[in-house]
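What follows draws every value from the coordinates through simple rules; no lab data is involved. Here the structure is a predicted model, which is why all the values come from computation and not from measurement. Virtual Cβ from ideal backbone geometry, glycine too; neighbours counted across all protein chains shown.
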Amino acid sequence: MKHTILAPGKPALGYAKDGTTEYLKRLRRYGSYELIHPKDGNSEDVSKRLHDASSGTLRIVMDERGEQLTTAQLTKKINQWEMRGVKRASYLIGASDGHTQQLRDDADLIWALSPLTLQHELALLVLLEQLYRVATIQRGEPYHR
Ligand SMILES: C[S@@+](CC[C@H](N)C(=O)[O-])C[C@H]1O[C@@H](n2cnc3c(N)ncnc32)[C@H](O)[C@@H]1O
């Protein structure tokens, strides 16, 4: 399964840029993970761009009000999607005012990394670290404790 992460706007925070680069580099060994930065803007415009860019894929909307998962539960979900033959999953990070209700309604999963509201680049970094953790679990590698 290919993974596309859509995070609006150019990265600005140094630590998030470094962390994102690091995890994308690590993930390269495990499969297809791409990060795309659609143009930023208001919630309506960004949600529309995210909706269009993720059409025809398994749509995972990142939102603090969503379902909270343990890493084991996330691994199980990803394994199930792979077994179902899902070709591409899209992970959608929202603009500063979050996603529209329309985009939330059209999600296959609304996933909360935590109930806290995170700065969007920090949310991106945590998302990538969790995808990396899942990839190492799937391979039986020792990163995960
Ligand atoms: C600053 S937050 C937006 C907060 C906004 N008040 C809202 O109601 O969604 C920007 C984006 O970061 C992501 N994000 C922030 N905290 C998150 C969390 N705990 N879990 C998942 N995604 C989160 C979401 O994609 C969110 O749309």
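Measuring between their Cα centroids, the stretch 46-61 and the stretch 11-37 lie 20 Å from each other. Which helices, counted as full DSSP H runs in the chain, have an axial Cα extent of no less than 18 Å and a Kyte-Doolittle average of -1.0 or above? Those that clear 18 Å and a mean of -1.0 are 120-138.
Report, in whole Å, the centroid distance computed from the Cα atoms of the stretch 120-145 and the stretch 84-105. Centre-to-centre (Cα) distance: 19 Å. Go through the stretch 17-79 and name the chymotrypsin sites (Phe, Trp or Tyr not before Pro) that are in a DSSP coil and have 16 or fewer other Cβ atoms within 10 Å of their Cβ. Here the chymotrypsin sites (Phe, Trp or Tyr not before Pro) that fit, given the DSSP loop and packing criteria, are Y30. Residues within the reach of a label modelled at T136 (point 7 angstrom out along Cα to beta-carbon, backbone nitrogen below 14 Å), restricted to the stretch 53-83, are 71-72.
Semi-axes of the equivalent ellipsoid for the stretch 2-138, computed as √(5λ) from the eigenvalues of its C-alpha gyration tensor and ordered from largest down, come to 21, 18, 14 Å.
Estimate the FRET efficiency between R145 and K48 by the formula 1/(1 + (r/R0)^6), using the beta-carbon distance for r and 35 Å for R0, to the nearest 0.05. Display every interim value, and only then the final one.
Values: r = 41 Å, r/R0 = 1.16.
So the FRET efficiency works out to roughly 0.30.
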